[in-house]
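**Student:** One structure follows; several queries about it will come next.
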């Protein structure tokens, strides 16, 4: 049914484009000149996925904030549009509006603007609340020029060829490199047309939050009511079908704060959905260049304890620009009923080689279920025996598809070859479970007051510092000889 809706919407859009072609140029020129043209449009998960969405866009001039929504027949629908106050950010004006009161399992088209100047028409389909959920995950476009943003967009476009009716897209962070106006405009040039026609679940990366405060929250209209803070990212959660998803902010006190861990525990214990999934940027398990520093490695102790106690099934992250899937783990040990961690590769052109000196100091090679290095000239990866396996088809951008059908979850991961522009599957992982077993054990207020957050800052820093000096530092010093050898012989640090 979803695919039929998508096809119907596509036909309507094509007809509309032909009919409007004669006047589009004049309208566009006028909209640009007056600064009323909506740009950087995003449609994100905000609240109940069956009945609401959050929209955000920018204009160069201060205009009104309006959203119009239509059904699959092109008829205007009655929905509640709640606009936020327009505010100026870095020389442009930010518009946010939440649309609620939609029907579950319905295809909609929409446009945003000021009531006179409208955007192009976009589309989305609300959650039909059944036990089938499909989504796409990418990470780390992290581009600084138009060419590399185009390459990242090509990876997402290819993902939609493999999963055209995806319910949503999870972008696991680092949308840009420096998070400034120029790069977000590049991002919009490359991704804007696609962004109009899917629902996004955005995750803040370190390039989206650390040192560029408030950019992430100002780019998307997310539900921030339970976020422990919003200056360097947003933590939030949502249900989709029989799946509960928690989105973490791993910029929170360089890694993750005690208040956010408490929020996560309550959030996961407050659901009875069959599947529990976590999205975040920094990965606890990696062999990339950032996997030797304590901010991400601290998650192996602080975060995994909560994930284990809450029976989380899957964690997907980015940050280290290679693909790695662990075997199921509990308490940093192999456990067939534990948590599977997926470092989702990079959709971008910046790729890391393996730091083999990290193996068995910060990541046991027995934990590795699959590993792919995407970097040209450095295609070696751990094949279970040695570090010298190579494949030319590994050189490219990575995307992932996840399909959940009742008690079965299937992850498939692909590389879009730089030279061939053909996708090669690099991994497939399936896990099954008995549904109907999860019970909610928490209810009530899960918000964090400013006072509670501030009181948690000091113990959060002490926790990270204690880990750094008592656990990380001894292991780091032990591997320094191997690190130096690799640095001297391979120029890899």
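The values are calculated or read from the model by the stated rules, or taken from the named source; none is laboratory data. Owing to the predicted nature of the structure, the values given are computational and were not obtained by experimental measurement. Quick reminder, even Gly has a Cβ in these numbers, built from the backbone with ideal geometry, and neighbours come from all protein chains shown.
**Student:** Out of the strands (runs of 3 or more DSSP E) lying entirely within segment 320-415, which hold 1 or more residues that are modelled with pLDDT of 95 or more and farther than 30 Å from residue 435 by Cβ? Walk me through it before giving the result.
**Tutor:** Details: elements: 323-326, 340-344, 368-372, 396-405.
Qualifying strands (runs of 3 or more DSSP E): 396-405.
**Student:** Determine whether residue 350 is surrounded by fewer than 21 Cβ atoms within 10 Å (Cβ to Cβ), in contact (Cβ under 8 Å) with a residue 24 or more places away in the chain and within 21 Å of the chain's Cα centre (by Cα).
**Tutor:** Numbers: surrounded by fewer than 21 Cβ atoms within 10 Å (Cβ to Cβ): yes; in contact (Cβ under 8 Å) with a residue 24 or more places away in the chain: yes; within 21 Å of the chain's Cα centre (by Cα): yes.
Criteria met by residue 350.
**Student:** Next question, about the same structure. Looking only at segment 195-231, count every residue that is assigned to a helix (DSSP H, G or I) and modelled with pLDDT of 95 or more and tell me the total. Working first, answer last.
**Tutor:** Taking segment 195-231 and keeping what is assigned to a helix (DSSP H, G or I), we get 195, 206-209, 215-219.
Now narrow it down to the ones that are modelled with pLDDT of 95 or more: 195, 206-208, 215-219.
Total meeting the criteria: 9.
**Student:** How many residues, within segment 49-97, are in a loop (DSSP other than H, G, I, E, B) and under 25 Å from the mean Cα position of the chain (by Cα)? If you could, list the steps in order and put the result at the bottom.
**Tutor:** Of segment 49-97, the ones in a loop (DSSP other than H, G, I, E, B) are 49-52, 60-65, 71-75, 77-79, 84-86, 90-91.
Add one more test, that the residue is under 25 Å from the mean Cα position of the chain (by Cα), and what stays is 49-52, 84, 90.
The qualifying residues number 6.
**Student:** Sticking with this one: Show the residue pairs meeting these rules: Cβ distance below 9 Å; 6+ apart or different chains; first residue within segment 464-493 and not assigned by TED's automatic domain parsing to the domain that holds residue 377; second residue modelled with pLDDT under 90 and in a helix (DSSP H, G or I).
**Tutor:** 482/356; 486/356; 492/356; 492/486; 493/486
**Student:** Among 451, 430, 434, which is assigned to a loop (DSSP other than H, G, I, E, B) and surrounded by fewer than 16 Cβ atoms within 10 Å (Cβ to Cβ)? I'd like the intermediate steps shown before the answer.
**Tutor:** On the way: 451 fails: assigned to a loop (DSSP other than H, G, I, E, B); 430 fails: assigned to a loop (DSSP other than H, G, I, E, B).
That would be 434, the only listed residue that is assigned to a loop (DSSP other than H, G, I, E, B) and surrounded by fewer than 16 Cβ atoms within 10 Å (Cβ to Cβ).
**Student:** Which residues, counting only those in segment 347-369, are closer than 19 Å to residue 172 by Cα and in contact with a strand residue (DSSP E or B) (Cβ under 6 Å, 6 or more places away or on another chain)? Please lay out each step first, then the result.
**Tutor:** Kept after step one, since they are closer than 19 Å to residue 172 by Cα, are these residues of segment 347-369: 347-352.
Answer for segment 347-369, where residues must be closer than 19 Å to residue 172 by Cα and in contact with a strand residue (DSSP E or B) (Cβ under 6 Å, 6 or more places away or on another chain): 347, 348.
**Student:** Scan segment 209-226 residue by residue and report those that are out of contact with any strand residue (DSSP E or B) (no Cβ under 6 Å at 6 or more places or on another chain) and either over 20 Å from residue 254 (Cβ atoms) or free of Cβ contacts under 8 Å to residues at least 60 places away in the same chain (or both).
**Tutor:** As a first pass, look at segment 209-226 and keep what is out of contact with any strand residue (DSSP E or B) (no Cβ under 6 Å at 6 or more places or on another chain): 209-217, 219, 224-226.
Matches in segment 209-226: 209, 210, 211, 212, 213, 215, 216, 217, 219, 224, 225, 226.
**Student:** Another question about this same structure. State all residues of segment 396-410 that are surrounded by fewer than 22 Cβ atoms within 10 Å (Cβ to Cβ) and closer than 22 Å to residue 141 by Cα; if no residue qualifies, say none. Spell out how you get there, then give the answer.
**Tutor:** First, pick out the residues of segment 396-410 that are surrounded by fewer than 22 Cβ atoms within 10 Å (Cβ to Cβ): 401, 403, 405-408, 410.
The one that is surrounded by fewer than 22 Cβ atoms within 10 Å (Cβ to Cβ) and closer than 22 Å to residue 141 by Cα: 401.
**Student:** (1) at pLDDT 90 or above; (2) at negative phi: which one isn't true of residue 101, the others all being true?
**Tutor:** (2)
**Student:** I'm trying to understand the selection: among the residues of segment 278-298, which are crowded, with 23+ Cβ neighbours inside 10 Å and within 26 Å of residue 446 (Cβ to Cβ)?
**Tutor:** 278, 279, 280, 281, 282, 283, 284, 296, 298
**Student:** So, one more: Which one is surrounded by the fewest Cβ atoms within 10 Å (Cβ to Cβ), of the residues in segment 356-375 that are touching a helix residue (DSSP H, G or I) at 6+ places or on another chain (Cβ under 9 Å) and under 22 Å from residue 138 (Cα atoms)?
**Tutor:** Of everything passing the filter in segment 356-375, 375 is surrounded by the fewest Cβ atoms within 10 Å (Cβ to Cβ).
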